[in-house]
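*Asks:* So that we are looking at the same thing, I have put the structure below in structure tokens.
The values are calculated or read from the model by the stated rules, or taken from the named source; none is laboratory data. All values derive from a computational prediction rather than experimental measurement. Neighbour counts are summed over all protein chains in view; Cβ atoms, including those assigned to glycine, are modelled from backbone coordinates with ideal geometry. Calculation scope for accessible area: heavy atoms of the full protein, side chains included, ligands and nucleic acids excluded. Shrake-Rupley method; radii C 1.70, N 1.55, O 1.52, S 1.80 Å.
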Amino acid sequence: MSVLQVGRIESSLAGALKAKYQALQLPNDSTRSFLLAEHGPSVTAIVDSGPPGVDADLMNALPNLGAIVHVGAGYDTIDVDEARTLGIGVSNTPDVLNDTVADAAVGLMLATMRGLCAADRYVRAGLWPHGARYPLGRDLNGSRIGILGFGRIGSAIATRLVGFGCAIAYHNRHQVPDAPYRYAASPIELAESVDVFVVATAGGAGTTSLVSRSVLEALGPDGYLINVARGSVVDQNALVELLAGGRLAGAGLDVFAEEPNVPTELCGLDNVVLLPHVGGATVRGVRAMTELVLRNLDQFLTHGTLTTPVVQANGHRRNAITDNRCRTVPTVERANDAVG
């Protein structure tokens, strides 16, 4: 056994890993330490799919680990700095889900602003023949849209919204050359000037609570928040409070701060659409992501390199694994961030 699965792996990928590599699943309970003690020295690669993630303790429990192959574009559940220090390669799956997630973002906007999910519940509950006229929704067409994070996904969202006649603005770490949209200098400036605030930035320590209470208050009682990025980017407590108090018009959320746990207050609000982190979950999207994960894994185990590296696997460390020598700690190359 050389491959260890961490987190909840999609069934088709898990089946492929089991068939080709006899991969084991890391338990998230008291049996974890026993598995690591018995199999840890034989693990040369991890396939990781989010929580509980890969931290420094896990890396150091696997003396021959050479690569962490992550399922997804965002890799904030991996301690990348520790991997770099230890000479462990890290890969992700950029680009394959750009269009899929962008489609989901637009779908969330329509569902939230038009109240489509609440209207569905209204009909299913048999209220239509007996109740008052269903409340009016808001048009996405012609709305002012602000996109936080103008990487590949943010750009794909903007492209779709052009067809809705929307006025688009964005905030990014750096202004994007040749982007045909208005640039806002800060998240607050962006929120003050739009009807819909779309979160499409990368997760991780650098963006934790980037959408703060102040940003949400700047969006105001007529504004909508859409999040297809990471729950950690938004101050969730403030979001819940403002939604419950009528100080935001609504929210469409595919991600949450402590998945799979969702604040109970949100579940009782008809102006909120809640999804179980399925922005990239389509047949085509999962197939493409699975293929790229397997390419990264096969390339590492065969050649000691990664197809889409965040941190490139180090050849010297791969030789150490192959020759069953002791761990070395070489310098590794930092790749550019996969998301803007």
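*Asks:* Suppose we filter the stretch 190-204 for residues that are part of a loop (DSSP other than H, G, I, E, B) and either in contact with a helix residue (DSSP H, G or I) (Cβ under 6 Å, 6 or more places away or on another chain) or modelled with pLDDT under 95 (or both); how many remain?
*Replies:* If we filter the stretch 190-204 for residues that are part of a loop (DSSP other than H, G, I, E, B), which is where we start, we get 193-195, 200-204.
Retained after the next criterion (residues that are either in contact with a helix residue (DSSP H, G or I) (Cβ under 6 Å, 6 or more places away or on another chain) or modelled with pLDDT under 95 (or both)): 200-204.
Final tally of qualifying residues: 5.
*Asks:* While we're on this one: Answer yes or no: is there a residue in the stretch 46-65 that is surrounded by 13 or more Cβ atoms within 10 Å (Cβ to Cβ), modelled with pLDDT under 95, within 23 Å of residue 228 (Cα to Cα) and β-branched (Val, Ile, Thr).
*Replies:* no
*Asks:* Among the residues of the stretch 85-121, which ones are open to solvent by 40 Å² or more (accessible area, probe 1.4 Å) and of a type outside the set (A, V, I, L, M, F, W, C)?
*Replies:* 85, 95, 99, 103, 114, 120, 121
*Asks:* Look at residue 55 and say whether it is out of contact with any Asp or Glu (no Cβ under 8 Å at 6 or more places or on another chain) and of a type in the set (Asp, Glu).
*Replies:* Numbers: out of contact with any Asp or Glu (no Cβ under 8 Å at 6 or more places or on another chain): no; of a type in the set (Asp, Glu): yes.
Spelling it out, it is not the case that residue 55 is out of contact with any Asp or Glu (no Cβ under 8 Å at 6 or more places or on another chain) and of a type in the set (Asp, Glu).
*Asks:* Hey, another quick one. Filter the stretch 154-166 for residues that are of a type outside the set (Lys, Arg) and either under 19 Å from residue 215 (Cβ atoms) or part of a helix (DSSP H, G or I) (or both) and give the result. Give the derivation first.
*Replies:* Taking the stretch 154-166 first, the residues of a type outside the set (Lys, Arg) are 154-159, 161-166.
Scanning the stretch 154-166 gives 154, 155, 156, 157, 158, 159, 161, 162.
*Asks:* Restricting attention to the stretch 209-231, report how many residues are open to solvent by 40 Å² or more (accessible area, probe 1.4 Å) and part of a helix (DSSP H, G or I). Give the derivation first.
*Replies:* Residues of the stretch 209-231 open to solvent by 40 Å² or more (accessible area, probe 1.4 Å): 209-210, 213-214, 217, 221-222, 230.
Filter again for part of a helix (DSSP H, G or I), leaving 213-214, 217.
Adding up the residues that qualify gives 3.
*Asks:* Residues in the stretch 34-43 that are surrounded by fewer than 21 Cβ atoms within 10 Å (Cβ to Cβ) and under 24 Å from residue 295 (Cβ atoms): how many?
*Replies:* Selection size over the stretch 34-43: 1.
*Asks:* Inside the stretch 241-294, can you point out the residues that are among the polar types (S, T, N, Q) and within 20 Å of the chain's Cα centre (by Cα)? Quick ask: steps written out before the conclusion?
*Replies:* Kept after step one, since they are among the polar types (S, T, N, Q), are these residues of the stretch 241-294: 261, 264, 271, 282, 290.
Matches in the stretch 241-294: 261, 282, 290.
*Asks:* Could you say which residue among 93, 44 is of a type in the set (Val, Ile, Thr) and within 23 Å of the chain's Cα centre (by Cα)? Before the answer, list the steps.
*Replies:* Details: 44 fails: within 23 Å of the chain's Cα centre (by Cα).
Of 93, 44, the one residue that is of a type in the set (Val, Ile, Thr) and within 23 Å of the chain's Cα centre (by Cα) is 93.
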